[in-house]
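Here the structure comes first, spelled out in structure tokens, and everything after it is commentary.
The values are calculated or read from the model by the stated rules, or taken from the named source; none is laboratory data. Nothing here was measured: the structure is a model prediction, and the numbers come from that model. Reconstructed Cβ throughout: ideal geometry from the backbone, glycine too, with neighbour counts over all protein chains shown. Side chains are part of the model used for accessible areas, which takes the heavy atoms of the whole protein and leaves out ligands, DNA and RNA. Shrake-Rupley method; radii C 1.70, N 1.55, O 1.52, S 1.80 Å.
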Amino acid sequence: MSRKNMRNLFLGAAILAQSCSVFAQEYNQTYRPQVHFSPQKNWTNDPNGLVYFRGEYHLFFQYNPFGDQWGHMSWGHAVSPDLLHWNELPVAIPEADGVMIFTGSVVVDHANSSGLCAPRKECLVAVYTGDGNTPEGHRETQNVAYSLDSGRTWTKFKGNPVLDLKMADFRDPSVFWDDSARYWVMSVAKPKERKVQFYSSLDLKQWTLLSDFGPAGNTDGDWECPDLLRIPAAEGKDSIWALKVGTNPGALQGGSGEQYFLGNFDGKKFVASTEAGAHGWTNYGKDDYCAISFNGIPKGENPVLLGWMNNWQYASKLPTSPWRGQMSLPRRLSFFKDEGGIALKQEPVTAPLRGKAGGLGSPLVAPFEMEVKFENPPASLFGVRIHSDESHWTEIGFDTEKKEFYIDRTKSGAEIAKDFPVRTKAPLIAGRRYDMRIVVDRSSVEAYAQGGTIAMTNLIFPSPDAARVEVFPKNAKSSGRCWRLKSIWPAK
Ligand code: FRU
């Protein structure tokens, strides 16, 4: 080989090595989530149209293609083979003719019940809210679009809207196929009335009112983003129905949040159970809103819920650029019963990202995950502190006097707005374990406690240095493990 060729070979190798070792710049900013989805640039809020189809999980999301504040709402799009590694695709359904494309859902129309697919073929059908002004005033209506190419391009149904109550606030349809009733069921919110309505349809185009649910539970804010789903027992063959609904503002921790009701849906009506634990908050942190479940997931797999990791109180102020907004981790759902009552259990999907397990105590760079178990309460206050520097930390712990699990982010880093520095809390249930599973990313902490029956998600904006993890009090008897998590973004 000539000297020149050799030099070129070296140069090539050096460039390759360099480009392999850094993440694509668009995913490597200080607060850029490494295990959570965020769009490369611009604004996002609610996840939309979550569906599994032909080997791909689809995440559509409320998106402003033109800027990093809310507006021009359209459906952004990303696909993943495993719920974690996302590939962002071009905008799927753009705002058009002054009508914004608000939150909605996507189903797999296996039997071409809509007649919108190619003859004898299955296709994807989206049911979404169109939000716009008409000569009669501001209107929200339910509309249909379909895709014959796995969600890449969409055509609006000519007969839109498919459901119009001539109301300014009527939104966020969530549709699924009810196997026992043999029809499509839509849950949709009447936000100002604090109601969820259920409709049925045989063809996704003509909808018949089945029943109303609400007002119930917390009615302080507008009701948005309902989702009705069947949840299997953690063990055995039993199942239960869950209705979750977003409320904004006035949720448990201030601003936006989500409550759930466990109960029964007989194909027509949802009846909430009065058993202990049947009513709770889907998330006890400040930053998890408008979560919905995936349609079309393979038989036998537990349902998967995924939300917008944010709060309307300060969503427009997040110190991130060129994007604003990110999604929660996907969580597998199940339920169980114990002396404390009935419990919804959430387990984040992280296993494919885990590196080698290590003990607690070594410095860690986000993203990482840890599991800690305390045998008996070692003190009235115990848990873990994640220090980013001498004067900044996030505390995640149990307070047995107040009977609370909590996350304190008052000293976590940048305080972006007046409602941001808080200690969020959830009631402890006697008899359940003192354990926690925590996923720390560059700008968030997701915690799951008491066997996954408490989920608490909060944004944090710490310095990017390695975190020191400390169990407190120092003599607390605990066992635990940590994992570095691999970034979901491709190395460039
Ligand atoms: C909830 C929400 C939905 C609406 C969407 C608009 O965050 O207000 O009710 O469809 O956002 O972006």
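Close amide H contacts of Arg324 (hydrogens built in the peptide plane, cut-off under 5 Å, sequence separation of 5 or more or a different chain): Asn42, Trp43, Thr44.
Given Cα pairs under 8 Å that are at least 6 residues apart, what percent is the relative contact order of the range 161-230?
Once divided by the residue count of the range 161-230, the mean separation gives 31 percent.
Element breakdown for the range 277-407 at a 1.4 angstrom probe: carbon and sulfur atoms account for 51% of the accessible area.
Could you give the length gained by full extension between Leu209 and Val422, i.e. 0.36 nm per residue of separation minus their alpha carbon distance, to one decimal place?
Extra length available between Leu209 and Val422 comes to 72.5 nm.
Given their separation in residues at 0.36 nm each and the Cα-Cα distance between them, Thr274 and Arg481 gain 70.7 nm when the chain is fully extended. Excluding ligands, DNA and RNA, the accessible surface per residue across the chain is 41 Å² with a 1.4 Å probe.
At an R0 of 41 angstrom, the distance between the Cβ atoms of Asp179 and Ala491 translates into a FRET efficiency of 0.45. Accessible surface of the range 436-492, 1.4 Å probe: 54 percent of it comes from carbon and sulfur atoms.
In the chain, the sites counted are GluC sites (Glu not before Pro) in DSSP loop states with at most 16 other Cβ atoms within 10 Å, and the longest stretch holding none of them, exclusive of the sites, is 1-121. Modelled label positions at Ser150 and Ala233, each set 7 Å beyond Cα in the direction of Cβ, lie 3.8 nm from each other. Compared with the direct C-alpha span, the chain from Glu56 to Ala379 gains 111.6 nm at full extension, assuming 0.36 nm per residue. Mean residue ellipticity, 222 nm, helices only, the chain: the sum of -39500 (n - 2.57) across DSSP H runs of n ≥ 4, divided by residue count and rounded to 500, is -1500 deg cm²/dmol. Across the alpha-carbon set of the range 289-346, the Rg to Rh ratio works out to 1.13, Rh being the Kirkwood radius. For the range 149-158, the Karplus equation 6.51 cos²θ - 1.76 cosθ + 1.60, evaluated at θ = phi - 60°, returns couplings of 10, 6, x, 6, 10, 10, 10, 7, 5, 5 Hz by residue, with Gly and Pro reported as x. Overall size of the chain from C-alpha positions, given as principal axis extents largest first: 74, 61, 44 Å. Computed from label points 7 Å out along Cα-Cβ, the spacing between Lys403 and Val349 is 3.6 nm.
Remark: the range 231-277 carries a charge dipole of roughly 180 debye about the Cα centre, counting +1 on each Lys and Arg Cβ and -1 on each Asp and Glu Cβ. Here the Karplus relation 6.51 cos²θ - 1.76 cosθ + 1.60, evaluated at θ = phi - 60°, turns the backbone of the range 107-113 into coupling constants of 10, 8, 8, 4, 9, 6, 5 Hz, with x for every Gly and Pro.
Projecting the Cα atoms of Pro322, Ala343, Val372 onto the charge dipole of the range 320-385 (Cβ charges, centred on the Cα centre) puts Pro322 farthest toward the positive pole.
Near Trp75, the amide H atoms lying under 5 Å from its own belong to Ala92, Ile93, Glu95; only residues 5 or more places off or on other chains count, and H is placed 1.01 Å from N.
In this structure, the amide hydrogen of Gly250, modeled 1.01 Å from its nitrogen in the peptide plane, lies closer than 5 angstrom to those of Gly255, counting only residues at least 5 positions away or on a different chain. Heavy-atom accessible area with a 1.4 Å probe sorts Phe66, Phe336, largest first, into Phe66, Phe336. Calculated on the alpha-carbon coordinates, the convex hull of the range 199-280 measures out at 120 cubic angstrom per residue. Remark: for residue pairs Lys156/Lys244; Lys192/Lys425; Lys425/Lys474; Lys237/Lys268; Lys402/Lys474; Lys121/Lys269, the C-alpha separation exceeds 30 Å in Lys121/Lys269.
For the pair His138 and Ala96, what calculated FRET efficiency results from E = 1/(1 + (r/R0)^6), where r is the Cβ-Cβ distance and R0 = 22 Å, to the nearest 0.05? My answer for the efficiency is 0.80.
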